[in-house]
Number of protein chains: 2
Amino acid sequence: MPPKPKTQLERQQLRTLIIDAARDLFVSRGPEAVTMREIAKRIGYSATSIYLHFADKEALIRAICDTDFLALANALKSNLSISDPVERMLAFGWAYAQFGLNYPNHYRMMFMTEHPLSDPKLSALQQNNAEQDAYFQLKTIVNDVYLAGKFKPDLTDPELIAQTIWAGMHGVCALQISMANDMWVNWRDIEARLQMMQLALVRGMLKESLE
Amino acid sequence: MPPKPKTQLERQQLRTLIIDAARDLFVSRGPEAVTMREIAKRIGYSATSIYLHFADKEALIRAICDTDFLALANALKSNLSISDPVERMLAFGWAYAQFGLNYPNHYRMMFMTEHPLSDPKLSALQQNNAEQDAYFQLKTIVNDVYLAGKFKPDLTDPELIAQTIWAGMHGVCALQISMANDMWVNWRDIEARLQMMQLALVRGMLKESLE
DNA sequence: CATAAAAACTTAACATCGTTAAATTAACAT
DNA sequence: ATGTTAATTTAACGATGTTAAGTTTTTATG
């Protein structure tokens, strides 16, 4: 008769053990530079054991992304309690950038690498849950600014505004992560670049009186 | 005595033959998915022959980047003749984005991948030559707008302005290339996102009277 | 307690990759 | 003709992601 040598909880624990070990290695060297055998050695298992819990390396990376998206949502959610909507939006964008610059390998994995069809249905995270979905947080924050009537009157699509703000902050972070050592460019200080982007976007999108 | 079975020109021809074949394969599938053996087969040589001309795969990728940077500078230079400085800047940014969206694998290779120390000294391209250096074109264009007194008076560093504009357009392109299939986001039309970014940056950086 | 079944896990092995070493071919100077 | 040497190829190495085949461990039942 079929025994039940491992409870559901134990399976889950080993799963997160793998994820944590892999995540730890990815922080310092990025996913391409880390091998399945190395992850396995780290937790005292054989490399093939990982395949009992993840279909392949990509699936493991996706699972790590899931935990990272949760970590991002967690890192950002404290900003939701800032009372002034514009201040809230600015602080949120700044915190987002800090996350990207502090964890470049994870940021690269999350937002700079194409993954085969990312579907919320396949994720453990809940879409449109402010605790777990940082993009939903962004949408909410931008929408609050919109409802407060702070944007210029011809800006009528809050989600398009949100995607543009995201793109602006992402652009600064992504260039920094990929190109900081490029000697073709005399890079200005990264904080100055972030500040300039926020200044330009705020001035360009908000009504003049609020600048 | 030393024979000379291959002239300098023939060596150069084979070199560009390799680059063109690799470039061709990279266009459709990206560099990671293309193998040295496949490139070699394409030109009727053995894989090891490539190593007579390039130290390793990374060096080959860098050489391809070189030709791509030249192609980018070429694609953008027609905008330099636009008479109005602001119009010129807008058209230039738009053309840059079109290049990125039309050749996503090359754009990824050029601007979204960290390369081990990119030094102009190691490149065949001439830095600060408007024919070959697209970043120099950008700096020049932004500086012209600056000298025409079109920017808001507290924006006093044209190169910082240029890097911010670049980051803005790059952010839209990069998110599109990496995340277009991400179902967490209800992406707005890419052209609308580009237009929104340009509008926000122009409004945020230029004097009000010019919007 | 003994044993059969099946889950958990490991060892071996495979195909493929980038790359290097050894072997081979071909072209020139003498 | 022949030896030297560049050009090129074939063989091979080590590493990687992954799969197949084995081994150990656990537990429900006789």
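The table below lists the values:
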item: Shielding by other protein chains, B:112-119, mean Cβ within 10 Å; result: 5
item: Residue-averaged [θ]222 nm for chain A, counting only DSSP H segments that reach four residues, each worth -39500 (n - 2.57); result: -20000 deg cm²/dmol
item: Exposure proxy ranking, count of Cβ atoms within 10 Å, fewest first, for B:GLU208, A:GLU58; result: B:GLU208, A:GLU58
item: Inter-copy separations for B:SER49, label at 7 Å along Cα-Cβ, nm, ascending; result: 4.8
item: Alpha-carbon Debye profile of region B:15-159, log10 I(q)/I(0) at 0.09 Å⁻¹; result: -0.35
item: Kyte-Doolittle at least -1.0, axis length at least 15 Å by Cα - qualifying DSSP helices, chain A; result: A:8-29, A:57-77, A:85-102, A:134-147, A:158-179, A:190-205
item: Computed magnitude of the charge dipole of region A:28-118 (debye, nearest 20; Cβ of K, R +1, Cβ of D, E -1); result: 300 debye
item: Spin-label zone in region B:110-140 - amide nitrogen under 20 Å from a point set 7 Å from the Cα of B:ASN74 along the C-beta vector; result: B:110-111, B:123-138
item: Teacher prompt: B:SER78 distances to equivalent labels in other copies, 7 Å Cα→Cβ, nm; result: 5.2
item: Under the Debye formula (equal points on every Cα, no solvent term), log10 I(q)/I(0) of region B:120-211 at q = 0.13, 0.14, 0.25 Å⁻¹; result: -0.58, -0.66, -1.20
item: Nonlocal amide H pairs with B:LEU206, under 5 Å, H built at 1.01 Å; result: B:LYS152
item: Along each principal axis, Cα extent of the protein assembly as shown, largest first, Å; result: 78, 68, 32
item: Normalised contact order of region B:1-106, rounded percent, pairs of Cα under 8 Å and 6 or more residues apart; result: 28 percent
item: Value in Å of the Kirkwood radius, where region A:49-127 supplies the Cα pairs that are averaged; result: 14.1 Å
item: Pairwise FRET efficiency - B:ARG15 versus B:ASP144, Cβ, R0 = 45 Å, nearest 0.05; result: 0.75
item: Lysine pairs within region A:72-211, Cα separation less than 16 Å, 8 or more sequence positions apart or different chains; result: 4
item: Relative contact order computed over chain B (Cα-Cα under 8 Å; 6+ residues apart), in percent; result: 18 percent
item: Rg and Dmax [Cα atoms of region B:158-201; Å; Rg one decimal, Dmax integer]; result: 11.6, 38
item: Rounded FRET efficiency, nearest 0.05, which uses the C-beta distance separating A:GLU87 from B:TRP94 and R0 of 35 Å; result: 0.60
item: Inter-copy label distances at A:ASP20 (7 Å, Cα→Cβ; nm, one decimal); result: 5.6
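A short reminder: the numbers here are calculations on the coordinates, not readings from a lab. Note that this is a predicted model, so its numbers are computed, not measured. Cβ: placed from backbone, ideal geometry, glycine included. Neighbour counts: every protein chain shown.
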